[in-house]
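**Q** One structure, pasted below without further comment.
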Amino acid sequence: MFWPACPKGKPLSLQSIDPVHTVRLLGPPTKFEASKLKVVLLEDPINRYASILPRTYILSHCDLTANLTLAVSNVIKLEQLRGWYEKDDVVAEWKKVKNEMCLHVHCFVSGPNSFLDLAAEFRYHIFSKEMPLVLKAIQCGDSVLFHDNPELLDSTVRVYFHSSSKKYNRMECWGPLKDAMEGKRADQLQGLINRDRPPEKWRSPMSIFQALFAFLL
């Protein structure tokens, strides 16, 4: 990882590093390339497009090749979720909230024994920078679903960052999917409102993903 230079005469410390600046130095958001996406359908091909709910995604990537793998299924299996917090996989699922479809995206930022809060901050900003890529991969990988249900592009995207740090254990509303895929966040303040308290969704009936996550803790 490339670290920003420090002023002459001043030692570089963890406290002096600006994670936001460093993430920007790593380059612009990765451009989505459909040719690098592999889609794995884990359900019966006959029934895979029978309905939108339940429907889940796990997006993983290879650091060496930059290839992406999108697993599409009706349920998240426990062994799949274990890789979620060991790697940089992103989990997403369709939910109906107040009779409206929403895409809930889950990112693992840090656990109880993370590398201080600095690691959480880096991971938070990297996930945020690459979120449009994640959403484009879901839209492209599940293209038949979106073709049959074009209204899903107007669905609200809610991104849940899971962290042992109260600051980064938060939910952000990224607005309509069609805008979020282009990096246009509809509500820049949503994360600030929720930064010091657990997401409200945790206080309601748990989703498939949240139930599995709670089981692993």
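**Q** Once phi is turned into θ = phi - 60°, what whole-Hz ³J(HN,Hα) does the Karplus curve with 6.51, -1.76 and 1.60 give for every residue of segment 176-182, x standing for Gly and Pro?
**A** Those phi angles translate into x, 4, 4, 7, 4, 5, 9 Hz.
**Q** Let me ask something else. Given the pairs Lys36/Lys98; Lys38/Lys167; Lys31/Lys98; Lys38/Lys166; Lys129/Lys166; Lys36/Lys166, which span a C-alpha to C-alpha distance of over 32 angstrom in this model?
**A** From the list (Lys36/Lys98; Lys38/Lys167; Lys31/Lys98; Lys38/Lys166; Lys129/Lys166; Lys36/Lys166), the Cα-Cα distance tops 32 Å for Lys36/Lys98; Lys38/Lys167; Lys31/Lys98; Lys38/Lys166; Lys36/Lys166.
**Q** At R0 = 45 Å, how high is the FRET efficiency between Lys77 and Glu33 if r is their beta carbon distance? Nearest 0.05 is fine.
**A** Given R0 = 45 Å and the Cβ-Cβ separation, E is 0.95.
**Q** Just to check I understand the Karplus step: with θ = phi - 60° and J = 6.51 cos²θ - 1.76 cosθ + 1.60, what whole-Hz values come out for segment 91-107, glycine and proline as x?
**A** 10, 9, 8, 7, 9, 9, 10, 6, 6, 10, 6, 9, 9, 9, 10, 10, 10
**Q** Another one. Taking the beta-carbon count within 10 Å as an exposure proxy, list Phe108, Phe32 from fewest neighbours to most.
**A** So the residues, fewest neighbours to most, are Phe32, Phe108.
A short reminder: the numbers here are calculations on the coordinates, not readings from a lab. Computed from a predicted structure; not experimentally measured. FYI the Cβ positions are ideal-geometry reconstructions off the backbone, even for glycines, and counts take in every protein chain you see.
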